[in-house]
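A quick write-up on the structure given underneath.
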Amino acid sequence: MSDAKTPQFNRRRILKSSLAVLAGGALGHTAVAAAAEAEIKNVNPASSPSALKITDMRYAVIVKPGPSPCVLIRIDTNQGVYGLGEVRDVAGPQYAMVLKNRIMGENPLRIDYLFQKIAQFGGGARQAGGVCAVEMALWDIAGKVYNIPIYQMLGGKWRDTIRIYADTTESMDPKEYGRRAKERKETGLTWMKMDLGINMLKGIPDTVMQPSGMDKWELRNQPHPFIATEVSDKGIDRLCEYVAAVRDNIGYDMPLSVDHLGHIGVKSAIRLGKAFEKFNLEWMEDIIPWFYTDLLKEITEASPTPTLTGEDIYEFADFENLCKNHVVDKIHPDLATSGGILQTHRIGDMAFRHGVPMAMHFAGTPVSCMANVHCAAATRNFLALENHSLDVPFWQDLVTGIEKPIVNKGYIKVPETPGLGIILNDDELKRHLKPGTGYFEPTPMWDEEQSWDDALFS
Ligand SMILES: [Mg+2]
């Protein structure tokens, strides 16, 4: 980064202070030398971990096609080491910035402590975007300080490359939809998804039963059971035509998932799950809101097509409930909502114990993408990571320091460089700033505590 601070701690200073501390103890000369050598070898010479402090947090708002804007954050320290994080796509910078005064002056290496300190400011979907962005940035700092990639701090790799999955743009013409899917497969993807819902039945009579006169708010914000919407046999047949067209083009050998079925009732979801059985789908996604766990379990038990949910769930406990009760067949956390790198790794380990696989939802820039890659590399039950930017030409140019293309024939190589393993490409990022916003400008307005809300119990 162009304006990163000059390192204040050098190798000689660390060595000197370490020796002074150790010499004052009971260790003999050989042990002192060995400890000093180990410290120099393993620690970034620009850093003295125990004296590290957070000194600033700034942001840049990036606009790109697809889910956007995306807010990048940078946490600076008193030793020139900085960390990068990203707020969940489409959430504003305030979700991260309200946390600034709560982490200023803290040692960024106390990752779990700091996450628990700010965890109460996270919530479902975009509400967790800030706490997760901070958590990513803390891991980036830790990796840079100790000179190791993040996956190594989570216990090491299960895999060297991360499988990517993606969808295509939809078409109302099944043939055209199939052609686009084929074209996507030819880029090397080994897993695909298609958006397929009642919106694709619009204008076709006798396909969707829904009371007329509902306003936009009802259609978008009333949970599925309360808008009395069901799909007819004719509607189901039409949706099957789309899946058949895609399967005809990509074959039955690769996993294919479906998403965005629309706000339909539980019984329609079950009927769709049965109709899709012949297409051997990998999952139906977010069929009804995840918090109706009994209804979701009813669908899971009745549908031969597997079910999946999770991209809007914050923190461990709700995932644990889904997994241990087998409410869905698979989970799908978005690391920028589920609680960041460590929480998502823990969620994956917990799910493994219950026999539940974990795919990962993701729609941001390469910053958040790499947080996912490290987590996926270190988590045993990982299946595939989503990417919504395969058609965005500048997406991978937003960062440097990593092998390009970032997504290569359907996979991302796990980087071996410290932290997240990326450097921001300032010039490219500045070309995609949200109009009227600056690039990591000072944020003194967030230095002061806005309200006293740390005490959650008396
Ligand atoms: Mg989804």
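Derivation of every value follows stated rules applied to the coordinates shown; laboratory data play no part. This is a predicted model, so every value here is computed, not measured. For neighbour counting, all protein chains shown are included, and Cβ atoms are generated from backbone atoms with ideal geometry for every residue, glycine included.
General observations
- Proximal lysines relative to LYS216, as straight alpha-carbon distance under 29 Å, when same-chain residues fewer than 8 apart are discounted: LYS64, LYS193, LYS202, LYS234, LYS267, LYS297, LYS434
- Simple spin-label estimate for ASP453 and ASN221 gives 1.9 nm between the two label positions (7 Å along the Cα-to-Cβ direction from each Cα).
- Net +/- balance of residues flanking PHE382 in space, Cβ distance below 9 Å, scoring K and R +1, D and E -1: +3
- Interatomic Cα distance distribution for region 161-424, bins of 10 angstrom, percent: 7, 29, 34, 23, 6, 0
- Degrees separating the helix 129-146 axis from the principal Cα axis of the chain, which is the longest one: 40
- GluC sites (Glu not before Pro) within region 291-358, DSSP loop, no more than 14 other Cβ atoms inside 10 Å: none
- Mean separation of Cα pairs under 8 Å and 6 or more residues apart, divided by the residue count, gives the chain a relative contact order of 19 percent.
- Protection proxy ranking, peptides 371-377, 131-137, average beta carbon neighbours within 10 Å, highest first: 131-137, 371-377
- DSSP beta bridges in the chain [antiparallel fraction, %, rounded to 5]: 55
- Among VAL231, LEU424, ILE406 the positive-end extreme of the charge dipole of region 161-424 (Cβ point charges): ILE406
- Stretchable slack from GLN127 to HIS354, in nm (0.36 nm times residue separation minus alpha-carbon distance): 78.9 nm
- Between LYS278 and GLU416, full extension at 0.36 nm per residue minus the direct alpha carbon distance yields a gain of 45.5 nm.
- If you wrap the tightest convex hull around every Cα atom of the chain and split its volume per residue, you get 174 Å³.
- Dipole magnitude of region 161-424 about its Cα centre (Cβ charges: Lys, Arg +1; Asp, Glu -1), debye to nearest 20: 500
- When only the Cβ of Lys, Arg, Asp and Glu is charged (+1, +1, -1, -1), the dipole of region 177-271 relative to its Cα centre reaches about 180 debye.
- Estimated distance in nm for a label pair at ASN101 and GLN210, the labels positioned 7 Å out from Cα along Cα-to-Cβ: 4.5
- Each residue in LEU219, LEU272, LEU154 was given a count of other beta-carbon atoms within 10 angstrom of its own, and listing them fewest first yields LEU219, LEU154, LEU272.
- Cut-off 11 Å between beta-carbons: net charge of the residues surrounding PRO149, Lys and Arg +1, Asp and Glu -1: 0
- The ranking of SER451, SER48, SER338 by Cβ neighbour count inside 10 Å, starting from the fewest, reads SER451, SER48, SER338.
- With the highest mean first, a sort of the peptides 169-181, 203-215, 325-337 on other beta-carbon atoms found within 10 angstrom per residue produces 325-337, 169-181, 203-215.
- Here's the list of aspartates and glutamates a cross-link from LYS430 could span, going by alpha-carbon distance under 17 Å and ignoring same-chain residues fewer than 8 apart: ASP3, GLU86, ASP397, GLU441.
- Residue among VAL131, ILE54, LEU296 farthest towards the positive dipole end of the chain, charges placed on Cβ: ILE54
- Neighbours of PRO415 by Cβ distance under 14 Å: Lys/Arg scored +1, Asp/Glu scored -1, total +1.
- Note on the chain: helix-only mean residue ellipticity at 222 nm, from DSSP H runs of 4+ residues weighted -39500 (n - 2.57) and normalised by residue number, equals -10500 deg cm²/dmol.
- Computed about the Cα centre, the dipole magnitude for the chain is approximately 1200 debye when only Lys and Arg (+1) and Asp and Glu (-1) carry charge, each at its Cβ.
- Pair ARG431, ASP237: separation of 7 Å Cα→Cβ label points (nm): 5.1
- Think of the chain as a dipole: +1 on every Lys or Arg Cβ, -1 on every Asp or Glu Cβ, centred on the Cα centre; then among GLN116, ALA91, ASN249, GLN116 lies furthest on the positive end.
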